[in-house]
1. Where both partners of a DSSP beta bridge lie in the chain, what percent of those bridges are antiparallel, to the nearest 5?
2. Say R0 is 22 Å: what FRET efficiency, to the nearest 0.05, do residue 23 and residue 44 get from their beta-carbon distance?
3. Neighbour counts of other C-beta atoms within 10 Å: give me 184, 48, 71 arranged from fewest to most.
4. Alpha carbon centre of region 17-73 versus region 95-171: separation in Å?
5. If you build a Gaussian network model of the chain, linking Cα atoms that sit under 10 Å apart, which residue out of 137, 176, 201 swings the most?
6. Determine, from the Cβ-Cβ distance of residue 82 and residue 7 and an R0 of 35 Å, the FRET efficiency 1/(1 + (r/R0)^6), rounded to the nearest 0.05.
7. Can you give the translational diffusion coefficient of the chain in µm²/s, computed by Stokes-Einstein from the Kirkwood radius over Cα pairs at 10 °C and 1.306 mPa s?
8. 222 nm [θ] for the chain, helices only, -39500 (n - 2.57) per DSSP H run of 4+, per residue, to 500?
């Protein structure tokens, strides 16, 4: 089966829809909170509204900063990204009272596509543990042999059935919608970085791995 090709305009539109979906909720909460502050006289209600505005503003900022690195250009073509910046936006978005982020990535300037792939795999891992748990991120090897491993551990961890197909660039019925664009995009980024993705699911664990395409081919040949 040949790889499905998405029209560039459709890809851009679907990614924009994904980003808008991520930020519309906290932005809407900010608007609601400001309306309460404008109209409400009760001190307790005003305090509640102010807390809502502050929390929602932090959430919106964290999501936008994450999306800028995960989906955006983040510099000129061929640019490298500081993995420390990637860790910062990942913690801002993913780490909370329910989810722990273990980041085992050396702080280096890494090619842009590989950093974007790490962040996109983190999004998939987070979606696999909606009740919370632990996300472990590990990157090893030099620039030419980088191996990326992202694991999600948590109660009833699972991967939506359509995700592996989207990662492989082979969506069901050759269609991708706004809900599926993120894993599809992750697959595009992996292939642009000459990395092959693999997925493993077991009890309470989802494991996503990206390794050099040539290494994956050699492993398959010797299996």
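1. That works out to approximately 80 percent antiparallel.
2. 0.15
3. In order of increasing Cβ crowding within 10 Å: 48, 71, 184.
4. Using only Cα atoms to place each centre, the spacing works out to 26 Å.
5. Taking springs between Cα atoms under 10 Å, the residue moving most is 201.
6. 0.60
7. My calculation gives 85 µm²/s for D.
8. Computed mean residue ellipticity for the chain: -17500 deg cm²/dmol.
Rule-based calculations on the coordinates, nothing more; no lab input. The structure presented is a predicted model; accordingly, all values stated were derived computationally and were not measured. Note: ideal-geometry Cβ built from the backbone for every residue, glycine included; neighbour counts use all protein chains shown.
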